[in-house]
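To start, the structure itself, in structure tokens.
Values quoted throughout were computed directly from the atomic coordinates according to the rules given, and no laboratory measurement underlies them. Note that the structure is predicted; figures quoted are calculated from it, not measured. Every residue, glycine among them, receives a Cβ derived from its backbone with ideal geometry; neighbour counts consider all protein chains shown.
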Amino acid sequence: MPTDKITAAAAGTWSLGDRTANRMGFGSMRLTADPDPARAVRVLRRALDLGVNHIDTAAFYVSPGGTLGVGTGSPRYATDLIRRALAPYPDELVIATKVGFAVDPAGGVVEADTPAELRAQVEENLRRLGRDHLDVVNLRIVKRRGRDSVAERFGALAELRDAGLIRHLGLSNVRADHLDEAGAVAPVVCVQNTYALDNNRGDDELLRICGERGVAYVPFFAIAGARREAGAGTDHDEAVRAVAAAHAVTPHQVRLAWTLHRGRHVLAIPGTGDPDHLEQNVAAGAIRLTAEELARLG
């Protein structure tokens, strides 16, 4: 079947609190790199046409010239592009964003530690997205073992949830002990960590724990792996290439399919500014890998 005929529904669904999301979603970070905002708008609208109803973003997803780097020209915010493309938003659309972390123009990490700083970031997301509440807010942290408690910050976000500014809460870039700590404060609907076939497999245990607790596990860089912000590469190992050939798909699609096969609670959020790649990513949700193929991929 042509990839443009396969929708995100092929990957199945998972519940993020009281919201139902197709497990194949869309990550908006890469849209800021395109100097043509009209093309980014077309990609976002095409994503919804293909059944994507879970979009990941953050107010700190911004082009060079903004807070993600040094450059010239007007910064392009992913949140602004989402609003331009999709508002007024469909009722079924779930937009997940992140607070607690940003990158300054010099490339340094800026953390929001106080309730006032976290509220300011929540309000920025509300303003840029043009919403009166946020569907999901993930607390993004910088891990520092022994001094990276999330309890106080998660509690501040729980107060904003109680005030009606946030619907559901999640965590990003965390360990299992963070999940325990946050869960004692308020319900956690998702954990968003870097994870891929060949990257951060130490999270296998956290992924399992999330499944046992009914918490969505949402990997980012599932295609790029250790290349992270550099994007998808072409250096795939023999097993990935062989499985791709057997299914007549691309190695990138195999990596996404493997991700979704890690559990019914695993959601994918691949990002791209290319309409053809978008269709391929969505179509990966229809790939069914055999037990033998999964064992071969490792």
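For Asp180, Asp276, Asp34, the sequence from fewest to most other C-beta atoms within 10 Å is Asp276, Asp180, Asp34. Amide H contacts of Ala216: Cys190, Val191, each under 5 Å away and 5 or more positions distant or on a separate chain (H built 1.01 Å from N in the peptide plane; Pro and chain starts excluded).
The label point for Asp276 and the one for Asp91, both projected 7 Å from the Cα toward the Cβ, are 3.9 nm apart. Computed extension length for Ile209-Ala291: 27.3 nm, one decimal, from 0.36 nm per residue of separation with the Cα-Cα distance subtracted. Summing Cβ point charges (Lys, Arg +1; Asp, Glu -1) relative to the Cα centre of the chain gives a dipole of roughly 240 debye. Helical runs (DSSP H, four residues minimum) scored at -39500 (n - 2.57) apiece and divided by the length of the chain put the mean residue ellipticity at 222 nm at -10000 deg cm²/dmol. Note on the chain: dipole from Cβ charges, positive end direction compared against Thr250, Ala21, Cys190; the farthest Cα belongs to Thr250.
Just checking the listed ones, Val266, Val189, Val110: in the Gaussian network model of the chain with Cα springs under 10 Å, the one fluctuating most is Val110.
Please work out the FRET efficiency for the pair Asp49 and Ser15, using the Cβ-Cβ distance as r and a Förster radius of 30 Å; give the result to the nearest 0.05. So the FRET efficiency works out to roughly 0.80. Summarising the label geometry, the points placed 7 Å from Cα in the beta-carbon direction at Asp180 and Arg201 lie 2.6 nm from one another.
Of the three principal axes defined by the Cα atoms of the stretch 26-235, the extents in descending order read 46, 44, 38 Å.
Exposure proxy for His247, His178: other Cβ atoms within 10 Å of each Cβ, ordered fewest to most, give His247, His178.
With both residues required to sit in the stretch 26-235, DSSP beta bridges show an antiparallel share near 20%.
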